[in-house]
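Okay, structure first, notes after.
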Amino acid sequence: MTRDEFAAYLGQTLNAAQYRDYCPNGLQVEGRARIGRVVSGVTASLALIEAALDLKADAILVHHGYFWRGEDMRVIGTRQRRLKLLLSNDINLFAYHLPLDAHAQLGNNAQLARQLDLTASGRFGDDELGWIGRCNSPAVKTAADLAALIEKRLGRMPLLIGDPQQPVGNVAWCTGAAQGMLGDAIAAGASAYISGEISEPTVHLARETGTIYIAAGHHATERYGVQALGAHAAEHFGIEHQFIDIDNPV
């Protein structure tokens, strides 16, 4: 299909125009006009671009792209190397940030729920990015059980703040760097909250409210949405898709 058809379909599928984001969503770097092979990944790093080149991809689809609000806009250093590689090889770069977090079926939170046997009963926070519900795994009774399930399913040991033996009731989650939504999760009725990252104030808020906080990894919690979106688009258009997981311990 054409580049414009691909962009239009992704934008409509994710309802991207409704979000006021920290970066432009959609086509960020224009490449060749026709697309037959797509590589997806979490972040448009140099390593991902090189992997896409090896696979002779026409387009790269990511969650973390470029041109973030407030960053240095000069095309120097790392930015120059990444853009030069994309432009010189005529590769399209598509990026979807908040729209991919929020989507009810293909989004990061929806796909993390599939990985962790979570069922949502509500949403909270700005743009209703946060999800809340219950964990359906019969093995999960306590916070330690939930952390063990996360380690098994995501392949990364999470950081647990709180009493490991505390019973797990309502579980809230929001992938990536959503530790700042802990207060919203508590207000929504969560007894445990899962996100990717953690900040110094997060620990005190969790302790002082008796809420379990689990930092499961920014990259680890956001691997699944872009895979689902890439597979969905590939099936729709009848094109090739491959997800490339560039390891990131954060």
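The values are calculated or read from the model by the stated rules, or taken from the named source; none is laboratory data. Model, not experiment: these values are computed from the prediction. Don't worry about glycine lacking a Cβ; one is built from the backbone with ideal geometry, like all the others, and counts go over all protein chains shown. Note: areas computed on protein heavy atoms with side chains; ligands, DNA, RNA excluded. Shrake-Rupley method; radii C 1.70, N 1.55, O 1.52, S 1.80 Å.
The set of residues in the range 198-218 being out of contact with any strand residue (DSSP E or B) (no Cβ under 6 Å at 6 or more places or on another chain) and of a type outside the set (S, T, N, Q) consists of E200, P201, H204, L205, R207, E208, G210, G217, H218. Checked against the criterion of being open to solvent by 40 Å² or more (accessible area, probe 1.4 Å) and at negative phi, the candidates R223, R207 yield just one match: R207.
Against the criterion of being among the β-branched types (V, I, T) and out of contact with any Phe, Trp or Tyr (no Cβ under 8 Å at 6 or more places or on another chain), V29 does not qualify.
The combined condition, being basic (K, R), in a strand (DSSP E or B) and open to solvent by 10 Å² or more (accessible area, probe 1.4 Å), is fulfilled by R123. Residues that are farther than 17 Å from G230 by Cα and open to solvent by 20 Å² or more (accessible area, probe 1.4 Å) are absent from the range 3-11. Within the range 12-26, restricting attention to residues that are surrounded by fewer than 20 Cβ atoms within 10 Å (Cβ to Cβ) and among the hydrophobic types (A, V, I, L, M, F, W, C), the residue that is farthest from I91 (Cα to Cα) is A17. Contact annotation: residue pairs with Cβ atoms under 7 Å, 6 or more positions apart or on different chains, pairing a residue in the range 113-125 that is under 14 Å from L146 (Cα atoms) with a partner that is of a type in the set (G, A, S) and assigned to a loop (DSSP other than H, G, I, E, B), are D117/S137. Note on the range 138-149: residues that are in contact with a Gly (Cβ under 9 Å, 6 or more places away or on another chain) and within 14 Å of Q115 (Cα to Cα) amount to 0. Checking each residue in the range 141-182 for being surrounded by fewer than 15 Cβ atoms within 10 Å (Cβ to Cβ) and either among the aromatic types (F, W, Y) or at positive phi (or both) picks out only G155.
Selection of the range 33-50 for residues being in contact (Cβ under 8 Å) with a residue 60 or more places away in the chain, surrounded by fewer than 16 Cβ atoms within 10 Å (Cβ to Cβ) and in contact with a Lys or Arg (Cβ under 7 Å, 6 or more places away or on another chain) yields only R37. When the range 71-116 is filtered for residues that are open to solvent by 50 Å² or more (accessible area, probe 1.4 Å) and touching a Ser or Thr at 6+ places or on another chain (Cβ under 8 Å), only R82 remains. All of A95, A59, A104 fail the test of being without any contact (Cβ under 8 Å) to a residue 40 or more places away in the chain and either closer than 23 Å to E128 by Cβ or not hydroxyl-bearing (S, T, Y) (or both), apart from A104.
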